[in-house]
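Notes to accompany the following structure.
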Amino acid sequence: MPKHIISGLKYLAAVELRKNGYNQNQIAEILDMNRSTVSHYLNGRNISVNSVEVAEVIRDFCRKDFLTMVYTLLKDVNQTRTIVKICSNTSYKSNIGNSCIACGICSDACMMNAVVLDDLKAKINDEFCCGCLICGEMCPTNSITITEVK
Amino acid sequence: MEMTDVINKDISVERTGVELRKLHFNNDLCAACGLCEKVCPVTAIEVNPTGAMVRTEQESSNIDIDSSECALCGMCSCICPYNALNFDIDGESIKESDLYPRLIKSSEIDEETCIYCKNCELACPPKAITIARELPVRSKLVTGEIEIDKDTCVNCGICEEMCPADAITLAYKNPTSIDPTISSGIDVNKDSCVYCLVCKKACPVDAIKAVCRTCSYGDYDLNSEDFGTKGKTFINQETCVDCGWCEDICPVDAIKVEKPFEGTLEISGETCQGCETCIMACPCNVLSFPQPEKSGGKVEKIHKDEKYCIYCGACEKACPVNAIDVVRTKINCTPIKSKAWQKAFDNVLN
């Protein structure tokens, strides 16, 4: 069953990439699939409707649940990062307060590798942020604010 | 004697993520001053009651670090004046990094000026100083030598018995009919002789001649390079507390000490009960009990000398009756780049 959901998620990602102009070879490389599977998926073959439905429900979870669910299914941080990034169309804006002590818990926690420490302060690359808010939850000084950009 | 197990009172906290962050607490170096507790932004550190600790063989560490609270930021390590808390990121101490503020504290001996008198070594409260000295060869410093006229000498042995340096030896033997003497010779060890002339004055037959090098040849055969004491000085930077005892006691001003904090130390004579806890807690030997000039005389309860104080606050923390007030007015440290760190450091000022 998890395998089918993964297929559903990869299908959603493949469709999204196609919309953005990537060709099948590029999509196969990005999603670590073989090209013929990508071709089948994009033509609606070899993929069950139910898998796609479940994947869609997961995609529309709140960002933290989406991220943790994808990671639980894939068990691979790099692949999780790819799928989550492709399937998210919301942008986020971060702000680090002056109370940041540069402990690095946020950068350790961020699965998207969006947080680095710079001059004794955390710095979030909004480009990579998936809006899961895990960093803010873990921050011992409540210094992180992430807002959705409409 | 009963053997007790050595209890490891050190504490380590670490986290592996983007970096390997590791905090290590060395209990032997800790003075329980409480600066780490004051600076910690997540209240993960608690200093155990020090009054009891310095007086009894406590089995616990001076401080407790709650590893579930500790965020591994490194602030405690940067404020600790006693090097008891060390913080490494990927194996490198943050004290080597310009990113983190570092207390400006140091104690240095200028070997050009040092005369190797060892006053600092003896005065240093944590025994962090070692002076290894090489004395000049004594015989080169002696201004003359003695000679014994063997024909006049009667082998009485008075000079041998009297020589304070044990430099004279008579080779006693049994007299025989072939050689009817009691000694086969008398020898003066020139390396031991200090030219004190006791032998010459004591000799009953005036057999000892003294040759003064200064008088007979002038000063030139005494090479001033032979007089000096040479040596090496060593300060253990880990155990050194930068208290300034060495700088103060050095008779030739060869030592420079920079202290991490500035402030004042007040002891209320009225409140003080003279329990000695502060004296035991102070790592810098700032405090002592004064002795009255005559028995029964009245003196102040505790004597302090602030020139040895680094204002760590260990005495204040240890005092069971709150008779001590340590006020820190300034931290001497390299620039603090973060506002949160600045605020935390300001917390230890009052």
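The values are calculated or read from the model by the stated rules, or taken from the named source; none is laboratory data. From a predicted model like this one, the values you see are computed outputs, not experimental measurements. All Cβ positions, even for glycine, are placed from backbone atoms using ideal geometry, and neighbour counts span all protein chains on display.
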Could you grab me the full set of residues in segment A:65-108 that are farther than 26 Å from A:Val15 by Cα and outside any helix (DSSP H, G or I)?
A:Lys93, A:Ser94, A:Asn95, A:Ile96, A:Gly97, A:Asn98, A:Ser99, A:Cys100, A:Ile101, A:Ala102, A:Cys103, A:Gly104
Which residues, counting only those in segment B:337-350, are more than 8 Å from every other protein chain (Cβ to nearest Cβ) and touching a helix residue (DSSP H, G or I) at 6+ places or on another chain (Cβ under 8 Å)?
B:Phe345, B:Asn347, B:Val348
Just one of (1) free of Cβ contacts under 8 Å to residues at least 12 places away in the same chain; (2) part of a loop (DSSP other than H, G, I, E, B) trips up A:Met111, so point out which.
(1)
Can you pull out every residue in segment B:96-153 that is surrounded by 15 or more Cβ atoms within 10 Å (Cβ to Cβ), closer than 23 Å to B:Asp28 by Cβ and of a type in the set (Gly, Ala, Ser)?
B:Ser107, B:Ala123, B:Ala128
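Pick out the one residue from B:Lys259, B:Lys298, B:Lys307, B:Lys294 that is closer than 30 Å to B:Ile63 by Cβ and surrounded by fewer than 22 Cβ atoms within 10 Å (Cβ to Cβ).
Result: B:Lys307 is the single residue among B:Lys259, B:Lys298, B:Lys307, B:Lys294 that is closer than 30 Å to B:Ile63 by Cβ and surrounded by fewer than 22 Cβ atoms within 10 Å (Cβ to Cβ).
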Among the numbered conditions (1) in contact with a Pro (Cβ under 7 Å, 6 or more places away or on another chain); (2) at pLDDT 95 or above, tell me where B:Arg328 comes up short.
(1)
Output the number of the condition that A:Asn95 fails; it satisfies all remaining conditions of (1) under 19 Å from the mean Cα position of the chain (by Cα); (2) polar (S, T, N, Q); (3) more than 12 Å from chain B (Cβ to nearest Cβ).
(1)
Counting only residues that are basic (Lys, Arg), out of contact with any strand residue (DSSP E or B) (no Cβ under 7 Å at 6 or more places or on another chain) and away from chain A (no Cβ under 14 Å), give me the helices (runs of 4 or more DSSP H) lying completely in segment B:64-167 with at least 2 of them.
B:138-141
So B:Ser97 ticks every box in (1) hydroxyl-bearing (Ser, Thr, Tyr); (2) farther than 24 Å from B:Cys333 by Cα; (3) modelled with pLDDT under 95 but one. Which box is left unticked?
(2)
Going through segment B:258-272 one residue at a time, which ones are at pLDDT 90 or above and touching a Lys or Arg at 6+ places or on another chain (Cβ under 8 Å)?
B:Glu258, B:Lys259, B:Pro260, B:Phe261, B:Glu262, B:Gly263, B:Leu265, B:Ile267, B:Cys272
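When you go through A:Ser91, A:Ser107, A:Ser143, A:Ser99 one by one, which is the residue that is out of contact with any strand residue (DSSP E or B) (no Cβ under 7 Å at 6 or more places or on another chain) and hydroxyl-bearing (Ser, Thr, Tyr)?
Selected residue: A:Ser99, the only one of A:Ser91, A:Ser107, A:Ser143, A:Ser99 that is out of contact with any strand residue (DSSP E or B) (no Cβ under 7 Å at 6 or more places or on another chain) and hydroxyl-bearing (Ser, Thr, Tyr).
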So B:Lys201 passes all but one of these: (1) in contact with a Leu (Cβ under 6 Å, 6 or more places away or on another chain); (2) closer than 30 Å to B:Ile148 by Cβ. Which condition number does it fail?
(1)
Does any residue of segment A:117-130 turn out to be in a strand (DSSP E or B), within 14 Å of chain B (Cβ to nearest Cβ) and in contact with a Phe, Trp or Tyr (Cβ under 9 Å, 6 or more places away or on another chain)?
yes
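Here is a yes/no grid of residues against (1) free of Cβ contacts under 8 Å to residues at least 12 places away in the same chain; (2) of a type in the set (A, V, I, L, M); (3) in contact with a Phe, Trp or Tyr (Cβ under 9 Å, 6 or more places away or on another chain); (4) surrounded by 18 or more Cβ atoms within 10 Å (Cβ to Cβ):
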residue	(1), (2), (3), (4)
A:Val52	no, yes, yes, yes
A:Ala55	no, yes, yes, yes
A:Asp60	yes, no, yes, no
A:Arg63	no, no, yes, yes
A:Tyr71	no, no, no, no
A:Leu74	no, yes, no, yes
A:Ile83	no, yes, no, yes
A:Tyr92	no, no, no, yes
A:Asn95	no, no, no, no
When you look at A:Thr141, is it in contact with a Gly (Cβ under 9 Å, 6 or more places away or on another chain) and assigned to a loop (DSSP other than H, G, I, E, B), yes or no?
yes
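This table checks each residue for (1) of a type in the set (Val, Ile, Thr); (2) modelled with pLDDT of 95 or more.
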{"site": "B:Ile89", "(1), (2)": "yes, yes"}
{"site": "B:Lys105", "(1), (2)": "no, yes"}
{"site": "B:Ile109", "(1), (2)": "yes, yes"}
{"site": "B:Ala123", "(1), (2)": "no, yes"}
{"site": "B:Gly157", "(1), (2)": "no, no"}
{"site": "B:Ile178", "(1), (2)": "yes, no"}
Would you point out the residue of segment B:182-207, among those that are within 21 Å of B:Thr143 (Cβ to Cβ) and touching an Asp or Glu at 6+ places or on another chain (Cβ under 7 Å), that is surrounded by the fewest Cβ atoms within 10 Å (Cβ to Cβ)?
B:Lys190
Being modelled with pLDDT of 95 or more and facing chain B (nearest Cβ under 7 Å) narrows it down to one residue among A:Gly104, A:Gly136; which is it?
A:Gly104
